[in-house]
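Encoded as structure tokens, the structure appears first; notes follow it.
Values quoted throughout were computed directly from the atomic coordinates according to the rules given, and no laboratory measurement underlies them. Everything numeric in this text was worked out from a predicted model, so none of it was measured. Cβ: placed from backbone, ideal geometry, glycine included. Neighbour counts: every protein chain shown.
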């Protein structure tokens, strides 16, 4: 919140000045978003992979959000589906990721549930809930199921 008002509101700002500065800050934020949006669609960023899902993302997201998504696609290389469990309406996948860090590596398993008929997907890492993009574990399961386009409910 303080970053939003940085340069607009100070310790001795009156209520009247606050309202005026709030409107100015809001206008400035909207203008910056408009410029970022325009810049994103006037410039094409190459895809990191050849998956149709990434191509779809490239057509709807801004450059900065697309770079986050591309990182998930490139880190998908470290993920493998190690087991599946069929339920009546959905399938649960154990996706193991090899996490490489300074001094070693470790493996961590994430649980991904996928309901094929509704294209509903959920991962235990909760990246979609926190950052609004599908994680590498969910992408791994979607590609494993030959899904070529992300449902609109997963494009924010």
Worksheet entry | Relative exposure of 100, 111, judged by other C-beta atoms within 10 Å (fewest first) | 100, 111
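Give the order of 61, 93 when sorted by the count of other beta carbons within 10 angstrom, beginning with the fewest. Before the final figure, lay out each step's value.
Working: 61 20, 93 24.
Fewest to most other Cβ atoms nearby, the residues stand as 61, 93.
Output the relative contact order of the chain, whole-number percent, from Cα pairs under 8 angstrom with separation of 6+ residues.
Values: 171 pairs, mean separation 24.2, N = 156.
Computed value for the chain: 16 percent relative contact order.
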Item to complete: Divide, for segment 52-154, the radius of gyration over alpha carbons by 2.2 N^0.38 Å, where N is the residue count.
Response: 1.07
Item to complete: Relative to the longest principal axis of the C-alpha atoms of the chain, give the angle of the C-alpha long axis of helix 63-75, reported between 0 and 90° and rounded to the nearest 10°.
Response: 20
Fill in: Tilt relative to the chain, helix 15-42 - C-alpha long axis, 0 to 90 degrees, to 10
50
